[in-house]
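Engineer: One structure follows; several queries about it will come next.
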Amino acid sequence: MPRLLELLRWRFQVLFAWKPTRAQVLPLILGVYALAGWGAYANKASANRDLATQVTLLQTELNELVGRQKKLEQANTDLVREWQGKLASAREELGQALAARDTAKSQLAGSQLKLSASKKRLDQARDRVTETGSIKAAEPSKKATSKP
């Protein structure tokens with residue numbers, strides 16, 4: 001063990017005792033800067049590659065979303081057309097129902113006129129019959145009045 005410590009101490013002394021000249025230091029410094037520069041370049045290239053991958057993924061997702069949006073817009077357009085058709089059909093049915101109602105109203109008005117004319121003729125016929133005295137006026141029945 002003491003031998004190992006002595007060997008390490010000697011290596012440190014040799015390392016720290018080295019006094020380089022300018023001709024030795026300049027390539028060493030340039031080499032360190034070159035290594036640092038290439039390391040920074042590799043780091044930046046790796047970051048750019050990651051960003052390019054992310055951009056590609058985002059572009060793919062964007063295309064998928066645009067496709068989904070177009071499908072939804074198409075489905076919405078189809079639904080709007082379908083409902084417009086149903087609405088037009090309902091309006092047509094409503095128009096037919098209104099026309100049938102108006103026809104029924106006019107028929108009802110005509111029937112009411114005929115009914116009032118018939119009532120008037122009936123009243124006139126009763127008046128003529130009572131004047132001549134051939135038919136007596138009907139008496140109210142006792143059965144109808146006796147039941148509560």
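The values are calculated or read from the model by the stated rules, or taken from the named source; none is laboratory data. Predicted model, so just to flag it, every value in this text is computed and none were measured. Because the Cβ atoms are built from the backbone with ideal geometry, glycine has one as well, and the counts that use them run over all protein chains shown.
Engineer: Inspect the stretch 132-148 for any residue being among the charged types (D, E, K, R), part of a helix (DSSP H, G or I) and either modelled with pLDDT of 95 or more or exposed (fewer than 10 other Cβ atoms within 10 Å of the Cβ) (or both) and give the result as yes or no.
Structural biologist: yes
Engineer: Then there is this: Being basic (K, R) and surrounded by fewer than 10 Cβ atoms within 10 Å (Cβ to Cβ): is that true of K44 here?
Structural biologist: The answer is no for K44.
Engineer: OK, next. Is there a residue being at pLDDT 95 or above and of a type in the set (V, I, T) anywhere in the stretch 75-85?
Structural biologist: The answer is yes, given that some residue of the stretch 75-85 is at pLDDT 95 or above and of a type in the set (V, I, T).
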